[in-house]
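The values are calculated or read from the model by the stated rules, or taken from the named source; none is laboratory data. Keep in mind the model is a prediction, meaning the values are calculated, not measured. Because the Cβ atoms are built from the backbone with ideal geometry, glycine has one as well, and the counts that use them run over all protein chains shown.
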């Protein structure tokens with residue numbers, strides 16, 4: 001079986017690597033940056049199934065996928081839904097999942113109305129293409145309306161009421177064609193300047209009620225869309241329960257720990273789900289795991305090479321500020337060992353961001 005993935009970045013490569021041991025599955029990657037209609041048509045014709053490493057696919061390519069929707073996983077419906085934050089929020093609400101209050105914004109007057117409707121502070125976001133903190137503006141006073149619109153306006157936006165939360169978490173699941181679903185343990189995620197810096201398993205102090213709520217939410221969401229593949233739900237942990245932040249219809253940075261840290265990685269189960277094969281166990285292989293992103297400079301990641309319980313993944317990218325160049329996974333027999341290892345890798349994390 002030949003599976004084609006639109007995108008040849010690190011996610012596409014890790015998807016391919018995850019099933020390299022399976023002789024009956026071949027994964028090919030399509031370079032979206034070198035796209036032409038003829039190249040895309042030839043690529044689609046050469047594969048049995050089609051997937052994507054990112055939802056940020058140009059509209060012209062999405063339009064060409066319409067004729068091949070029967071072999072696209074996750075579905076075209078899922079792709080279109082999660083490409084747009086307004087459609088995404090409406091899908092979350094329709095699936096019975098709590099979100100921040102929100103409204104559409106298409107003009108400066110709409111920004112001012114959103115302030116009146118939602119109160120302050122609010123977060124203004126582009127409805128498409130924003131990631132790692134890009135395309136966002138936090139408004140704290142009414143006077144922020146004009147600079148916010150000047151910074152990211154002129155296009156469809158969404159305004160979201162600010163959510164008071166203690167931390168950010170995520171839950172990741174894979175769902176097969178028959179509706180069977182497996183869910184990985186939740187992680188606690190720490191961001192800096194809009195970029196995920198590290199994820200921790202277990203999420204400290206996570207009570208069973210919230211873990212059950214997260215699993216219920218992601219099952220409701222995936223079932224509502226008849227979703228096939230790996231899906232990620234980012235959640236705010238609040239005093240009143242979990243509130244959905246964003247959805248990724250794909251494997252996710254906060255799940256990279258699963259390569260070494262779980263019985264089956266998020267990448268492998270994504271391909272298995274597409275291929276119609278049984279999903280693997282998502283149980284953690286170690287009592288404590290961490291994933292640390294390598295941002296901007298790979299030099300500090302060399303510290304992992306001398307550690308028996310750290311695994312350095314380089315993406316082979318040219319270094320530049322704020323760019324994800326790789327990640328390091330830490331596996332440990334307990335949280336204390338995990339955190340001590342992170343201390344030894346502290347050069348990967350900006351000062352003050354690692355607080356354990």
Handout entry: Checklist (1) in contact (Cβ under 8 Å) with a residue 60 or more places away in the chain; (2) assigned by TED's automatic domain parsing to the domain that holds residue 220 applied to residue 129, failing item
Key = (2)
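Of everything in the range 295-316 that's within 18 Å of residue 12 (Cβ to Cβ) and touching a helix residue (DSSP H, G or I) at 6+ places or on another chain (Cβ under 8 Å), which residue is surrounded by the most Cβ atoms within 10 Å (Cβ to Cβ)?
Filtering the range 295-316 for residues within 18 Å of residue 12 (Cβ to Cβ) gives 313-316.
Cutting the leftovers down to touching a helix residue (DSSP H, G or I) at 6+ places or on another chain (Cβ under 8 Å) gives us 313-315.
Numbers: 313: 20, 314: 13, 315: 16.
Among those residues, the one meeting the criterion is 313.
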Fill in the blank from the handout: Within the range 131-161, residues being in a loop (DSSP other than H, G, I, E, B), surrounded by 16 or more Cβ atoms within 10 Å (Cβ to Cβ) and in contact with a helix residue (DSSP H, G or I) (Cβ under 8 Å, 6 or more places away or on another chain) number 2
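Out of 308, 339, I need the residue that is assigned to a loop (DSSP other than H, G, I, E, B), modelled with pLDDT of 95 or more, assigned by TED's automatic domain parsing to the domain that holds residue 259 and closer than 26 Å to residue 263 by Cβ. Which one? Break it down into steps so the answer makes sense when it comes.
Details: 339 fails: assigned to a loop (DSSP other than H, G, I, E, B).
308 is the lone residue from the list that is assigned to a loop (DSSP other than H, G, I, E, B), modelled with pLDDT of 95 or more, assigned by TED's automatic domain parsing to the domain that holds residue 259 and closer than 26 Å to residue 263 by Cβ.
Please determine, by comparing only the residues of the range 88-111 that are exposed (fewer than 14 other Cβ atoms within 10 Å of the Cβ) and assigned by TED's automatic domain parsing to the domain that holds residue 123, which one is farthest from the chain's Cα centre (by Cα). Explain how you work it out, then say what you get.
Initially, the range 88-111 is screened for residues exposed (fewer than 14 other Cβ atoms within 10 Å of the Cβ), giving 93-94, 96, 106-107, 109.
From what's left, assigned by TED's automatic domain parsing to the domain that holds residue 123: 106-107, 109.
Values: 106: 26, 107: 29, 109: 32 Å.
The qualifying residue farthest from the chain's Cα centre (by Cα) is 109.
Rundown of residues vs (1) over 21 Å from residue 325 (Cβ atoms); (2) part of a helix (DSSP H, G or I); (3) within 18 Å of the chain's Cα centre (by Cα), yes/no style:
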residue	(1), (2), (3)
14	no, yes, yes
22	yes, no, no
40	yes, yes, no
47	yes, no, no
50	yes, no, no
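Taking into account only those residues within the range 41-70 that are without any contact (Cβ under 8 Å) to a residue 24 or more places away in the chain and under 16 Å from residue 228 (Cα atoms), which is surrounded by the most Cβ atoms within 10 Å (Cβ to Cβ)?
Quick first cut of the range 41-70, residues without any contact (Cβ under 8 Å) to a residue 24 or more places away in the chain only: 41-42, 45, 59-60, 62-63, 65-67, 69-70.
So of that shortlist, the ones also under 16 Å from residue 228 (Cα atoms) come out as 69-70.
Values: 69: 12, 70: 9.
Applying the filter and picking the extreme gives 69.
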Handout entry: Selection within the range 268-305 - under 30 Å from residue 47 (Cβ atoms) and in a helix (DSSP H, G or I)
Key = 268, 269, 270, 271, 272, 273, 274, 275
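Taking into account only those residues within the range 162-201 that are within 25 Å of residue 102 (Cα to Cα) and touching a helix residue (DSSP H, G or I) at 6+ places or on another chain (Cβ under 6 Å), which is surrounded by the fewest Cβ atoms within 10 Å (Cβ to Cβ)?
The first filter runs over the range 162-201 and keeps only residues within 25 Å of residue 102 (Cα to Cα), leaving 162-172, 188-196.
Right, trim to touching a helix residue (DSSP H, G or I) at 6+ places or on another chain (Cβ under 6 Å) and you get 170-172, 189, 196.
Details: 170: 25, 171: 27, 172: 29, 189: 21, 196: 24.
Restricting to residues being within 25 Å of residue 102 (Cα to Cα) and touching a helix residue (DSSP H, G or I) at 6+ places or on another chain (Cβ under 6 Å), the top hit is 189.
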